[in-house]
Amino acid sequence: MKQASRKLTIRKILFYTLVIVLTFVIVVPFLWMLLLSFKSDNEIVNMPLSWPESFRFDNYARAFEVLDFPLMYRNTFIVVVFTQIFSLLFTFMSSFAISRMTFKNGRTPDRFYMYFLLGLAVPVYILIFPIYRMNIIFDTLDTYLGLIIPYIALSVSFNTLLFVGFLRGFPKEIEEAAVMDGCGLYRLCLTVVAPIMKSVFVTVTIFNVIYVWNEFPLAVTFISDTSKYTISLMASMFKGKYSIDYSGIDAASVMIIIPQLVFYAIFQKYIISGMTEGAVKG
């Protein structure tokens, strides 16, 4: 009993130590950025670790003057909405097919599944040039479509991971009972399966929204028209040809992150339940 209790105590100590370390790694950079947002450019460059000589709230006032928030939020909203609609529709249908369709070769569903998951191993940076060339060919540079299509493609792997993980653990008896009651395929998906997957849908949507909100490499490469700028390009507005407004960048970065923290705090319970239900099974 004493040995078991000692092992449990050691595990608790290790667990809480890990939690403290992870919290420190996540929270400290944000607090440091928040502190920098109240400094002058000279303080940021020469005394980055010191306390601000005076809290410069004019950095935030300047950020509001430079940035067109209504325009950027509108652009981001358009990209997010269309990305989510089509990515959820496509990946739900493909995941349902992988989990439920019967193939002559029993390994075919797993092969499709692994094919979709390969996207998780591909860094987005090596895709920039091929996608850029495709945007030139189809004349979609500086358009919403030039961002929406790549974002849909990049969301497929993560969506499939959670959707298939949930559907493989979902009791087929419920679907069979619905089919015996005369429920067709589309009605089965919309009225039986989809409502039960609500938490997984919410989780996928939250992660995809946050990804589009933060995504910078593709946006800065494909969008040069400031009227199409999304939220993630806010900080780049403070970079001139010969100088950089560091305090403006920090203030803008804080304004980008805070809405995400509020968004995450509100939907935290859905994220936890969705990740749990969508965990890979079997």
| If the Cβ limit is 8 Å and pairs must be 6+ apart or interchain, which residue in the range 210-235 that is over 22 Å from E65 (Cβ atoms) and of a type in the set (S, T, N, Q) pairs with which residue that is modelled with pLDDT of 90 or more and not in a loop (DSSP other than H, G, I, E, B)? | T221/I128; T221/Y132
| query | What are the residues in the range 184-201 that are surrounded by fewer than 17 Cβ atoms within 10 Å (Cβ to Cβ) and not in a helix (DSSP H, G or I), if any? | reply | G184
| When only residues in the range 230-253 that are within 18 Å of the chain's Cα centre (by Cα) and at pLDDT 80 or above count, which is surrounded by the fewest Cβ atoms within 10 Å (Cβ to Cβ)? | S253
| query | Looking at this structure, is L34 touching a helix residue (DSSP H, G or I) at 6+ places or on another chain (Cβ under 9 Å) and not in a helix (DSSP H, G or I)? | reply | no
| message | Suppose we filter I98, I85, I137 for residues that are surrounded by fewer than 16 Cβ atoms within 10 Å (Cβ to Cβ), over 21 Å from the mean Cα position of the chain (by Cα) and either at pLDDT below 90 or among the β-branched types (V, I, T) (or both); which single one remains? | response | I137
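When the range 202-226 is examined, which residues are found to be among the polar types (S, T, N, Q) and not in a loop (DSSP other than H, G, I, E, B)? Before the answer, list the steps.
The initial filter retains those residues of the range 202-226 that are among the polar types (S, T, N, Q), namely 203, 205, 208, 214, 221, 224, 226.
Correct list: T203, T205, N208, N214, T221, T226.
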| request: Inspect the range 116-123 for any residue being modelled with pLDDT under 90, part of a loop (DSSP other than H, G, I, E, B), over 20 Å from I223 (Cα atoms) and aromatic (F, W, Y) and give the result as yes or no. | output: no
| said: Can you tell me which residue is farthest from R74 (Cα to Cα) among those in the range 123-168 that are in contact with a Leu (Cβ under 6 Å, 6 or more places away or on another chain) and among the polar types (S, T, N, Q)? | reply: S157
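In the set F90, F15, which member is of a type in the set (F, W, Y), in contact (Cβ under 8 Å) with a residue 12 or more places away in the chain and assigned to a helix (DSSP H, G or I)? First the steps, then the outcome.
Values: F15 fails: in contact (Cβ under 8 Å) with a residue 12 or more places away in the chain.
Answer to the check: F90.
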| message | Condition first: exposed (fewer than 14 other Cβ atoms within 10 Å of the Cβ), free of Cβ contacts under 8 Å to residues at least 12 places away in the same chain and of a type in the set (D, E, K, R). Can you find one or more residues in the range 39-50 that meet it? | response | no
| Residues being within 15 Å of the chain's Cα centre (by Cα) and of a type outside the set (A, V, I, L, M) - total across the range 144-174 | 7
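Considering R111, R56, which residue is among the basic types (K, R), over 21 Å from L261 (Cβ atoms) and part of a helix (DSSP H, G or I)?
Values: R56 fails: part of a helix (DSSP H, G or I).
After ruling out the rest, the residue left standing is R111.
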| Residue, surrounded by the fewest Cβ atoms within 10 Å (Cβ to Cβ), within the range 51-74, restricted to residues that are hydroxyl-bearing (S, T, Y) and within 28 Å of the chain's Cα centre (by Cα) | Y73
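Residues in the range 57-79: is at least one within 27 Å of L161 (Cβ to Cβ), in contact with a helix residue (DSSP H, G or I) (Cβ under 9 Å, 6 or more places away or on another chain), in contact (Cβ under 8 Å) with a residue 60 or more places away in the chain and not polar (S, T, N, Q)? Please lay out each step first, then the result.
Of the range 57-79, the ones within 27 Å of L161 (Cβ to Cβ) are 76-79.
Restricting the remaining residues to those that are in contact with a helix residue (DSSP H, G or I) (Cβ under 9 Å, 6 or more places away or on another chain) gives 76, 78-79.
Subset that is in contact (Cβ under 8 Å) with a residue 60 or more places away in the chain: 76, 78-79.
Now drop any that are not not polar (S, T, N, Q), which leaves 78-79.
The answer is yes, given that some residue of the range 57-79 is within 27 Å of L161 (Cβ to Cβ), in contact with a helix residue (DSSP H, G or I) (Cβ under 9 Å, 6 or more places away or on another chain), in contact (Cβ under 8 Å) with a residue 60 or more places away in the chain and not polar (S, T, N, Q).
The values are calculated or read from the model by the stated rules, or taken from the named source; none is laboratory data. Bear in mind the structure is a predicted one, so any value in this text is a computation, not a measurement. Here the Cβ is made from the backbone with ideal geometry for all residues, glycine too, and neighbour counts use every protein chain on show.
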